[in-house]
Amino acid sequence: MVYEAASRWRAVDEYFVDTLVEEDAALRASRLGSHEAGLPPHEVAPNQGALLSLLARMIGAARVLEIGTLAGYSTIWLARAVGPSGKVVTLELNASYADVAQRNLEKAGVAERVEVMVGPAVDALARLVEQGEEPFDVVFIDADKPNNPAYLQASLALTRRGSIIVADNVVRDGAVINADSADDRVQGVRRFLQMLSDEPRLEATAIQTVGSKGWDGFALAIVR
Ligand code: DHB
Ligand code: MG
């Protein structure tokens, strides 16, 4: 990678965020506090959080399912997008990350509209399907990548016509094009993208992004 370009991507992200994105104290504290607490710096960038919020509000979303909570940074963006009468269900494997997230959600004033489910997301998803959970308007998939195919399968059972599904990290410095990759994260993303293509109930695309999070991308799909 050309490092000069990477530092420009970062500078442009800073400019966009300074100019366009309102990251309030609670969001900022959750992002920086998460890094200080030693959690992996894998949360979405501020302008990506704003994108998730805009997508949710563009379709008038009231119910959001997030797979992969980490410290709750994107969760706060999505919880604010659905408003006080909306609901976000967010799934986190790691109990200590979930604790950090819960505190961040409380500080951001959105804890009552968010349910953090702790444990393997595949199990939580199976429970949600079993209990006949109402369909979600938005699903954001941003957890362990090898399970992306399972997450997409469950998402289909938990959405309705017009729901949108967004997945983070579908590019990873271009690693996604390596069909022979020994990395099970790459294979998980590739199988996920193939499912998006094969599934007649979904219409999808993917876009590459550069910025403070390096070179990566989102897949986006609508349920039809
Ligand atoms: C990783 C996961 C993410 O969701 C992300 O945005 C960046 C990195 C990871 O597991 O390495
Ligand atoms: Mg991610």
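The values are calculated or read from the model by the stated rules, or taken from the named source; none is laboratory data. Since the structure is predicted, the reported quantities are computational estimates derived from the model, not experimental observations. Backbone-built Cβ (ideal geometry, glycine too); neighbour counts: all protein chains shown.
Applying the condition of being touching a residue at least 24 places away in the same chain (Cβ under 8 Å) and surrounded by fewer than 18 Cβ atoms within 10 Å (Cβ to Cβ) to region 173-187 and asking which residue is farthest from ligand 1 (Cβ to nearest atom) yields GLY174. Per the listing SER30, SER74, SER34, the residue uniquely more than 13 Å from ligand 1 (Cβ to nearest atom), hydroxyl-bearing (Ser, Thr, Tyr) and farther than 18 Å from GLY162 by Cα is SER30.
So which helices (runs of 4 or more DSSP H) stay within region 2-114 end to end and still have 3 or more residues that are within 16 Å of ligand 2 (Cβ to nearest atom)? Walk me through how you get there before you give the answer.
Numbers: elements: 3-20, 25-36, 46-58, 73-82, 95-107.
In region 2-114, the matching helices (runs of 4 or more DSSP H) lie at 25-36, 46-58, 73-82.
Screening the candidates VAL170, VAL139 for the property of being over 15 Å from GLN187 (Cα atoms), buried (at least 23 other Cβ atoms within 10 Å of the Cβ) and within 16 Å of ligand 1 (Cβ to nearest atom) yields one hit, VAL139. From the list VAL170, VAL138, VAL129, the lone residue that is of a type outside the set (Gly, Ala, Ser) and in contact with a Lys or Arg (Cβ under 8 Å, 6 or more places away or on another chain) is VAL138.
Yes or no, residue by residue, for (1) in contact (Cβ under 8 Å) with a residue 12 or more places away in the chain; (2) in contact with a Ser or Thr (Cβ under 6 Å, 6 or more places away or on another chain); (3) within 16 Å of ligand 1 (Cβ to nearest atom):
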{"position": "VAL118", "(1), (2), (3)": "yes, no, no"}
{"position": "ALA143", "(1), (2), (3)": "yes, no, yes"}
{"position": "SER197", "(1), (2), (3)": "no, no, no"}
{"position": "THR205", "(1), (2), (3)": "yes, no, no"}
{"position": "GLY211", "(1), (2), (3)": "yes, no, yes"}
{"position": "ALA219", "(1), (2), (3)": "yes, no, yes"}
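Restricting attention to region 142-154, the residues that are part of a helix (DSSP H, G or I), surrounded by 18 or more Cβ atoms within 10 Å (Cβ to Cβ) and within 16 Å of ligand 2 (Cβ to nearest atom) total 5.
Among the residues examined, ILE207 does not qualify as farther than 25 Å from VAL116 by Cα, modelled with pLDDT of 95 or more, over 17 Å from the mean Cα position of the chain (by Cα) and of a type outside the set (Asp, Glu). When GLU43 is tested against (1) within 18 Å of ALA121 (Cα to Cα); (2) in contact with an Asp or Glu (Cβ under 7 Å, 6 or more places away or on another chain), just one condition goes unmet, and that condition is (2). Could you list all residues from region 163-209 that are within 16 Å of ligand 2 (Cβ to nearest atom), assigned to a strand (DSSP E or B) and more than 13 Å from PRO149 (Cβ to Cβ)? If the condition is that a residue be within 16 Å of ligand 2 (Cβ to nearest atom), assigned to a strand (DSSP E or B) and more than 13 Å from PRO149 (Cβ to Cβ), then VAL166, ASP168, ALA206, ILE207, GLN208, THR209 are the ones that fit. No other residue among GLY49, GLY33 is modelled with pLDDT under 95, of a type in the set (Gly, Ala, Ser) and surrounded by 16 or more Cβ atoms within 10 Å (Cβ to Cβ) apart from GLY33.
A quick yes/no check of all residues on (1) of a type in the set (D, E, K, R); (2) surrounded by 21 or more Cβ atoms within 10 Å (Cβ to Cβ); (3) within 15 Å of the chain's Cα centre (by Cα):
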| site | (1), (2), (3) |
| --- | --- |
| LEU91 | no, yes, yes |
| GLN102 | no, no, no |
| ALA111 | no, no, no |
| VAL118 | no, no, no |
| LEU125 | no, yes, no |
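Taking each residue of region 146-171 that is in contact (Cβ under 8 Å) with a residue 24 or more places away in the chain and looking for partners that are acidic (Asp, Glu) and within 12 Å of ligand 1 (Cβ to nearest atom) with beta-carbon atoms closer than 8 Å, six or more apart or interchain, yields PRO146/ASP184; ALA167/ASP142; ASP168/ASP142; ASP168/ASP216; ASN169/ASP142; ASN169/ASP216; VAL170/ASP216; VAL171/ASP216.
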